[in-house]
Each structure stands twice: as C-alpha cells, then as structure tokens.
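Take a look at the structure below.
The values are calculated or read from the model by the stated rules, or taken from the named source; none is laboratory data. Just so it is clear, the structure is predicted and the values come from calculations on it, not from any experiment. Here the Cβ positions follow ideal geometry from the backbone for every residue, glycine too, while neighbour counts run over all protein chains shown.
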Amino acid sequence: MNCYVPAESLPGETRAALTPATTAALVKLGLTVHAQAGLGRKSHYADEDYAKAGATLVSDHAAALAAADLVLRVRKPPAADVAAMKRGAWHLSFLDPFNEKELIQAFVAAGVNAVSLEMIPRTTLAQKMDALSSQASLAGYAAVIEASQRLGMALPMMMTPAGTILPARVFVIGAGVAGLQAIATAKRLGARVEAFDTRPVVEEQVKSLGAKFVKIDLGETGQTAGGYAKQLTPEQVAKQQAGMAKIIAQSDIVITTAKVFGRRAPRLVTQAMLDGMKPGSVVVDIAVESGGNVESSKPGEDVVTPRGVTIIGHPCLEATTGFHATQVLAANFAAWVTHFWDADAKVLRTDPPDEILQGCLITREGAVVHPQFTAKP
Ligand code: NAD
C-alpha cells in the first residue's frame with residue numbers, strides 16, 4: 001500500500017502528519033511511505049531523518065497524490081487534490097465535516113474514502129488515535145504560555161525584601177482536555193487558578209490539579225453519551241454569565257475553552273465583562289475558530305480593548321508547539337493505520353466496519369456513509 005504525506009500549505013501551520021518515528025512504524029507494517037520534501041521543516045523534523053526511517057522524499061506533489069492509496073495530512077485538502085486522487089484511495093485529516101459540505105461532495109465525486117479525525121470516537125479503544133485530545137492538550141498548555149508572555153506580570157507569588165508579589169489569578173472556562181492542561185500549566189507556573197465547566201463530573205478533576213472549582217447553579221446540564229457538554233438554554237447562559245462576572249473582573253488571565261461538539265461555541269464573555277477587567281489583563285479564546293466564547297475575539301488576531309485588555313484569538317495554539325504537536329498527531333495517524341492494518345494481506349482491513357470506522361468514516365466508494373452527514377445533504 002502506497003502512503004503519501006504532503007507538506008501542509010496553510011500559512012501558519014507548523015504541523016505535519018508524519019514523523020521519522022512514525023515513518024519507521026508504517027514501513028515496518030509493510031507500507032511504502034512517500035513524504036513531500038520539506039514536510040517537517042516547520043516542526044523541526046529533517047528530511048534526512050525521514051529518509052533514514054525509510055521514507056522516499058518526493059517533490060512532485062501531483063504525481064505522488066495520483067499514485068497514493070492512502071494520504072495522511074493535517075488540514076482539510078483543497079478540492080483539486082481530492083479530484084486528483086485514485087478512486088478507492090483513503091484520505092485521513094481534520095475535515096471540519098459539519099461546515100465542509102462541498103468538500104464532502106468532492107470526496108463523493110472522486111470516490112475517495114474520507115476519514116475525519118474530529119469524528120474518531122472518544123472511547124478507550126480509540127484513545128491512541130484521538131487527535132482532538134492530543135492537540136487540545138497542547139493548545140491548553142500554549143494558551144497559558146502565550147497569555148503569560150503578554151501579561152506583563154509574574155505568575156507565581158514571590159516574597160522579596162522589597163515586598164510580596166501576589167500570584168496571578170487565572171480563570172479557566174471549560175475544563176475539558178484543553179482546559180485541564182491549561183489549569184495544570186498555570187498551577188505549575190505558580191498562579192492561583194479557578195475553573196468552571198457545565199459538566200459537574202469535571203469538579204473532581206479540577207480539584208485534583210489544585211485549582212478551585214467555581215460553583216454556579218445552572219440547573220440540569222448533564223452531558224451526552226459521548227461525554228460532551230450539552231448546549232445550554234439562553235437562561236442558563238445568562239445565569240452562567242452572571243456567576244462568572246465577578247471572577248472575570250478579578251482575574252489577570254481568562255482562558256476560554258468552552259465548546260459544544262458540532263455546534264457554534266457559546267458566547268460567554270461579553271463586552272461588559274471585558275470592560276470590567278483590569279487594564280493589562282489577558283483573555284485567550286481557544287474556541288475562537290468555532291465561533292468564539294469571547295465577544296470581541298477575532299481569529300488570527302490580538303485585539304486590545306480601550307481599557308487595555310488583550311484578547312488573543314490564535315486559531316491554532318497547538319501549532320505554536322509544532323514539534324510536539326506533530327509528534328503526537330503523527331502517532332495518532334500511525335495508531336489509526338495500525339488498528340486497521342491486515343498484516344498478511346498488507347492492506348487496510350475495513351470490513352465489516354467497526355465502531356471506530358463507523359464513527360469517523362464520512363464517505364466511502366462514492367457515497368456519504370456517516371449518518372450525521374447523510375441526513376442533511
Ligand atoms: P470540548 O472541546 O467539546 O469542550 C471543552 C469543554 O468545554 C468541555 O469540558 C465542555 O464541558 C465545556 N463546556 C461546554 N459548554 C460550556 C459552558 N457553557 N461553560 C463552561 N464550559 C463549557 O470537550 P473536550 O475537551 O474535547 O472533551 C469532551 C469530553 O470527552 C470530556 O469529558 C473528556 O474527558 C472526554 N474525553 C474522553 C476521552 C476518552 O475516553 N478516550 C478522550 C478525550 C476526551
């Protein structure tokens with residue numbers, strides 16, 4: 001089976017879908033691996049290390065794409081790349097399938113089997129291939145690092161002969177994978193950390209990291225069978241905003257990570273709350289690309305309010321840690337291939353489709369096969 005891994009073309013994208021280590025793993029399984037020259041340049045993996053691990057470096061993208069049985073890439077592909085692939089080939093990447101109906105149709109038209117990394121079930125069996133988690137964890141870390149660099153304050157408490165420096169106050173809204181890592185990072189840096197999430201089960205996890213869980217009574221919130229938050233009613237959002245306003249006003253850093261799977265992120269931090277913050281405070285909106293939790297945040301920009309509050313709208317914080325984001329993402333890809341690999345026939349064994357494949361396969365053999373996307377063309 002011929003696997004091709006192109007370099008990413010989106011400006012600012014530092015990650016790659018392959019490392020030298022995962023090249024070796026795929027070659028050991030029996031795949032032929034072609035990597036576009038310069039694939040790991042932005043994440044600091046050298047071409048010669050890919051070659052040493054068994055990859056063939058290629059510079060003719062069109063030819064490599066047309067010859068591939070399996071393409072691994074981080075970002076959704078341009079539609080022209082899909083059209084250039086072989087019928088029956090496999091394509092694995094983040095796809096943003098809820099918003100990419102035309103791209104899904106391009107996969108259908110080309111007869112390419114499209115796997116969406118976002119849709120891999122969050123189950124124990126699929127943990128090794130859970131790219132949402134591997135990337136969210138680094139995004140949570142990077143949010144604290146980016147915020148601390150803009151803050152103009154120290155984070156830990158310091159007792160000095162010239163007086164005591166109080167610890168910075170960090171408030172994390174949404175304590176899922178990214179939020180928990182943000183809490184852990186801010187704690188390691190010595191900040192005083194508080195957090196809130198609508199899923200009550202998270203309280204223990206927040207406390208175990210040494211942070212305070214903020215209690216806001218929203219009535220029934222619960223979570224879906226997949227472990228995701230449910231969408232709040234407008235009344236619940238208003239209650240949440242009222243409960244958070246004072247804490248936000250006292251915080252030096254606010255990190256928002258609140259997402260509702262497949263839907264627009266809830267708007268939780270209003271302009272009035274931003275106006276109530278101290279000058280120099282920093283807000284990081286990790287949900288900026290899925291609609292944003294913060295009223296003034298803009299994808300790809302730092303916004304500074306008239307009061308001097310900086311709102312960081314970096315759309316892909318994990319890309320600021322390209323080396324490690326690539327390390328774990330490439331491991332997710334390799335785990336997916338390994339899971340479906342038939343060692344005797346040296347092909348992907350995808351029949352009958354298991355729970356993981358049913359969760360993440362969007363198109364197959366010229367048709368949309370995922371129930372969440374067949375219903376609404
Ligand atoms: P996510 O990115 O969808 O959301 C981030 C967080 O925002 C979640 O914790 C969510 O509850 C929270 N949130 C949503 N609306 C909110 C609001 N109005 N106010 C405050 N917080 C709000 O979630 P995620 O981080 O990807 O994780 C989702 C769940 O999946 C978690 O329970 C996580 O532990 C679970 N998970 C399980 C596995 C596994 O079993 N293998 C792997 C990864 C994640």
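Run down Ala249, Ala242 and say which single residue is modelled with pLDDT of 90 or more, of a type outside the set (Asp, Glu) and farther than 17 Å from Val172 by Cβ.
From the options Ala249, Ala242, the qualifying one is Ala242.
Restricting to region 314-323, count the residues that are buried (at least 21 other Cβ atoms within 10 Å of the Cβ) and not in a helix (DSSP H, G or I).
2
Quick check on this structure: which one of Val193, Val172 is within 11 Å of the ligand (Cβ to nearest atom) and surrounded by 24 or more Cβ atoms within 10 Å (Cβ to Cβ)?
Values: Val193 fails: within 11 Å of the ligand (Cβ to nearest atom).
Result: Val172 is the single residue among Val193, Val172 that is within 11 Å of the ligand (Cβ to nearest atom) and surrounded by 24 or more Cβ atoms within 10 Å (Cβ to Cβ).
Would you be able to tell me the number of residues in region 324-353 that are among the hydrophobic types (A, V, I, L, M, F, W, C), in a helix (DSSP H, G or I) and more than 19 Å from Gln135 (Cβ to Cβ)? Quick ask: steps written out before the conclusion?
First, pick out the residues of region 324-353 that are among the hydrophobic types (A, V, I, L, M, F, W, C): 325, 328-331, 333-337, 340-341, 343, 345, 347-348.
Checking the rest, the ones that are also in a helix (DSSP H, G or I) come to 325, 328-331, 333-337, 340.
Imposing the further condition that a residue be more than 19 Å from Gln135 (Cβ to Cβ) reduces the set to 340.
Within region 324-353, residues that are among the hydrophobic types (A, V, I, L, M, F, W, C), in a helix (DSSP H, G or I) and more than 19 Å from Gln135 (Cβ to Cβ) number 1.
Take Asp344 and tell me if it is surrounded by fewer than 19 Cβ atoms within 10 Å (Cβ to Cβ), at pLDDT 95 or above and of a type in the set (D, E, K, R).
Values: surrounded by fewer than 19 Cβ atoms within 10 Å (Cβ to Cβ): yes; at pLDDT 95 or above: no; of a type in the set (D, E, K, R): yes.
So Asp344 fails the test.
Can you name every residue in region 182-191 that is out of contact with any Lys or Arg (no Cβ under 9 Å at 6 or more places or on another chain) and either farther than 16 Å from Asp285 by Cβ or hydroxyl-bearing (Ser, Thr, Tyr) (or both)?
Result: Ile183, Ala184, Thr185, Lys187, Arg188, Leu189, Gly190.
Please enumerate the residues belonging to region 119-136 that are free of Cβ contacts under 8 Å to residues at least 60 places away in the same chain and closer than 30 Å to Val170 by Cα.
Gln127, Leu132, Ser133
Which numbered condition in (1) of a type outside the set (Val, Ile, Thr); (2) assigned by TED's automatic domain parsing to the domain that holds Ala7; (3) modelled with pLDDT of 95 or more; (4) within 16 Å of the ligand (Cβ to nearest atom) is the only one that Asn113 fails?
So Asn113 meets the others, but not (4).
Kindly provide the set of residues from region 25-73 that are surrounded by fewer than 18 Cβ atoms within 10 Å (Cβ to Cβ), of a type outside the set (S, T, N, Q) and in a loop (DSSP other than H, G, I, E, B), ordered by number.
Once the filter is applied, which keeps residues that are surrounded by fewer than 18 Cβ atoms within 10 Å (Cβ to Cβ), of a type outside the set (S, T, N, Q) and in a loop (DSSP other than H, G, I, E, B), region 25-73 yields Gly30, Ala37, Gly38, Arg41, His44, Ala46, Gly54, Asp60, Asp69.
Residues that are of a type in the set (Phe, Trp, Tyr): find the helices (runs of 4 or more DSSP H) completely inside region 74-164 holding 1 or more of those.
Qualifying helices (runs of 4 or more DSSP H): 101-110, 131-151.
Right, Thr374: β-branched (Val, Ile, Thr) and assigned by TED's automatic domain parsing to the domain that holds Ser148 or not?
Answer is no for this residue.
Within region 220-242, is even one residue among the hydrophobic types (A, V, I, L, M, F, W, C), closer than 18 Å to Gln135 by Cβ and in contact with a helix residue (DSSP H, G or I) (Cβ under 9 Å, 6 or more places away or on another chain)?
no
Table: residues versus (1) part of a loop (DSSP other than H, G, I, E, B); (2) within 8 Å of the ligand (Cβ to nearest atom); (3) under 30 Å from Ile120 (Cα atoms); (4) not assigned by TED's automatic domain parsing to the domain that holds Gly140.
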{"position": "Ala178", "(1), (2), (3), (4)": "no, yes, yes, no"}
{"position": "Glu203", "(1), (2), (3), (4)": "no, no, yes, no"}
{"position": "Gly219", "(1), (2), (3), (4)": "yes, no, no, no"}
{"position": "Val254", "(1), (2), (3), (4)": "no, no, yes, no"}
{"position": "Arg267", "(1), (2), (3), (4)": "yes, no, yes, no"}
{"position": "Leu274", "(1), (2), (3), (4)": "no, no, no, no"}
{"position": "Pro279", "(1), (2), (3), (4)": "yes, no, no, no"}
